[in-house]
1. Is at least one residue of region B:57-65 surrounded by fewer than 23 Cβ atoms within 10 Å (Cβ to Cβ) and within 12 Å of chain A (Cβ to nearest Cβ)?
2. Hey, can you tell me all the residues within region A:86-111 that are farther than 16 Å from B:Arg16 by Cα, more than 29 Å from the chain's Cα centre (by Cα) and either of a type in the set (A, V, I, L, M) or buried (at least 22 other Cβ atoms within 10 Å of the Cβ) (or both)?
3. Just checking: which of the helices (runs of 4 or more DSSP H) contained wholly in region A:194-308 hold 3 or more residues that are surrounded by fewer than 14 Cβ atoms within 10 Å (Cβ to Cβ)?
4. What's the number of the only condition in (1) more than 9 Å from chain A (Cβ to nearest Cβ); (2) under 18 Å from B:Thr70 (Cβ atoms); (3) not hydroxyl-bearing (Ser, Thr, Tyr) that B:Arg16 fails to meet?
5. Does B:Ser219 count as over 30 Å from A:Val55 (Cα atoms), touching a strand residue (DSSP E or B) at 6+ places or on another chain (Cβ under 6 Å) and modelled with pLDDT under 85?
6. Mind listing whichever residues of region A:6-17 are under 14 Å from A:Arg57 (Cβ atoms) and within 14 Å of chain B (Cβ to nearest Cβ)?
7. Return yes when A:Leu214 is in contact with a Gly (Cβ under 8 Å, 6 or more places away or on another chain), among the aliphatic types (A, V, I, L, M) and closer than 26 Å to A:Lys22 by Cα and no when it is not.
8. Between a first residue in region B:39-53 that is within 21 Å of B:Gly217 (Cβ to Cβ) and a second residue that is modelled with pLDDT of 75 or more and part of a loop (DSSP other than H, G, I, E, B), which pairs have beta carbons less than 6 Å apart while being 6 or more apart in sequence or on different chains?
Amino acid sequence: MPSILSISGVSKTYATGFTALKEVNLDIERGEIFALLGPNGAGKTTLISIVCGIVNRSSGTVTVDGHDINRDYRAARSLIGLVPQELTIDAFESVWATVNYSRGLFGKPANPAFVEKVLRDLSLWEKRDAKAITLSGGMKRRLMIAKALSHEPRVLFLDEPTAGVDVELRQDMWAMVRRLREDGVTIILTTHYIEEAEAMADRVGVINRGEIILVENKAELMHKLGRKRLVMELRSPLTAIPETFSRYALELSPDGGQLTYTYDNQAERPGVASLIRDLEAGGIQFRDIDTQNSSLEEIFVNLVRREP
Amino acid sequence: MNLRAVWAIYRMEMARAFRTVLQSIVSPVISTSLYFVVFGSAIGSRITEIDGISYGAFIVPGLIMLSLLTQSISNASFAIYFPKFVGSIYELLSAPVSYLEIVIAYVGGAATKSILLGLIILATASLFVPLTIQHPFWMVGFLVLTAVTFSLFGFIIGIWAKSFEQLQLVPLLIITPLTFLGGSFYSIDMLPGIWRTVTLFNPVVYLISGFRWSFFGKSDVSVGVSLGMTIVFLLVCIAIVAWIFRTGYRLRN
């Protein structure tokens, strides 16, 4: 099945001369959760803004479910829901009015029952008559999501959806995203919280300085780029790592009771077996041993740092 | 055509007016009454008639035009500037709506509000002076044409403006002086020769003159010229809006 969103050779240079995107190519599969990671100013929001029609691109093509975002903008845009990063709502409108407005704006006939369901799902129903200005930050974020969902989009962009929200709301949002995915909605989220991508995404893309530097299945990425750690609890503390172990990347905890070996699990000879042999030979005994995978966050930081 | 979107925007704009009913309706009624007290009674009592029309009645079309111009501009410019300012414009730009639909909805909303306002002022004025409208069809025609034209103009200002100060700049420094000097409170025949010629370069003169003709059948310049000038200004505004949308000027950049 063709991808639901296809971005091909998209560049953006702003009037100031700043190049935000360089020849970006990206295909999003139907029904997946795709996490776009990148440091501040990497071009995440610009890319989303181009796909959604908020910013004109300098070159390249974008299609949503086969519809070109310029030639066939009505069909393309009506498929997309966007929850932007900033809490930008008409402060003086009621929750009910502003969500219905969004639905009308996207050309959908009024459907109070559906809007009620969206508001109930987001715990906003009790606040339906409240003006947006009176809502808390978390509630405003829910309202932005309700507006985006009001017109039943097939592709949902969540730009930093959980920035500045409390743990409970974050959990709620993750649950909501999974529900949407079960209904067949494709979700593209940008985030700073790597654990969010780790917990939810099927695939991860990393963007840095306007270029996509990696797109990978999340599990494969963690496997491929992951470094592992072997942590050993020593029977008797060491004051220093003996010289004979200098060929291993070992770290000693400040109290001398824990020895950590970091290795590449993709390497042909990770060196675990030889290290254990050498430790025994050197008379260093341990009472417990544990291995840890590196997190997506570490992978991400390594990738971005590696860029010139 | 995404008529649902046009309706959604239009309804939202009208709701804004009714939410601020004090500012939208009560305030023009009060200021019109004040104009009548000051110009109609205090000063007007010393000016008996202009072109055979009592001074109180003479200023009514000018007063309506004064409010129509300033309100059309401020309604439309604020309507599009505010979402730009708070950032909620993202939704409009990402929606499946054409530029034409955006203009119809916003300009339609702004024009409707100022036409309602014009009619309220007319009703208030009729409490102070006896009024007859000789050409009601043309009166409504000028009212609608002017409201639409200046709402378009306001829309352009709203897109152009980068700050609240800029938003106020054109109405304050250009429109208000032009309106006051455009014959709202006097006939341009009352001006000395050279100023009469200078005044003819003021587009507002044509609007007020044409509108006044629809009331009293008398005008400073011919009705055809008035209508022509209004339509020319309308076309200029349409051309600018078309250019803004073709280039994405200050919207999609």
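The values are calculated or read from the model by the stated rules, or taken from the named source; none is laboratory data. Model, not experiment: these values are computed from the prediction. A quick note on method: Cβ atoms are made from the backbone with ideal geometry, for glycine too, and the neighbour counts reach across all protein chains shown.
1. Keep residues of region B:57-65 that are surrounded by fewer than 23 Cβ atoms within 10 Å (Cβ to Cβ), which gives B:57.
Right, trim to within 12 Å of chain A (Cβ to nearest Cβ) and you get none.
Checked region B:57-65: no residue is surrounded by fewer than 23 Cβ atoms within 10 Å (Cβ to Cβ) and within 12 Å of chain A (Cβ to nearest Cβ).
2. A:Gly104, A:Ala110
3. Details: elements: A:194-200, A:218-225, A:272-281, A:296-306.
It comes to A:218-225, A:272-281, A:296-306.
4. (1)
5. On the way: over 30 Å from A:Val55 (Cα atoms): yes; touching a strand residue (DSSP E or B) at 6+ places or on another chain (Cβ under 6 Å): no; modelled with pLDDT under 85: yes.
Taking the combined requirement at face value, the residue does not satisfy it.
6. First, the residues of region A:6-17 that are under 14 Å from A:Arg57 (Cβ atoms): A:6-15.
Hits for region A:6-17 are A:Lys12, A:Thr13, A:Tyr14, A:Ala15.
7. Details: in contact with a Gly (Cβ under 8 Å, 6 or more places away or on another chain): yes; among the aliphatic types (A, V, I, L, M): yes; closer than 26 Å to A:Lys22 by Cα: yes.
It is true that A:Leu214 is in contact with a Gly (Cβ under 8 Å, 6 or more places away or on another chain), among the aliphatic types (A, V, I, L, M) and closer than 26 Å to A:Lys22 by Cα.
8. Between residues of region B:39-53 that are within 21 Å of B:Gly217 (Cβ to Cβ) and residues that are modelled with pLDDT of 75 or more and part of a loop (DSSP other than H, G, I, E, B), the close pairs are B:Ile50/B:Ser187; B:Asp51/B:Lys218.
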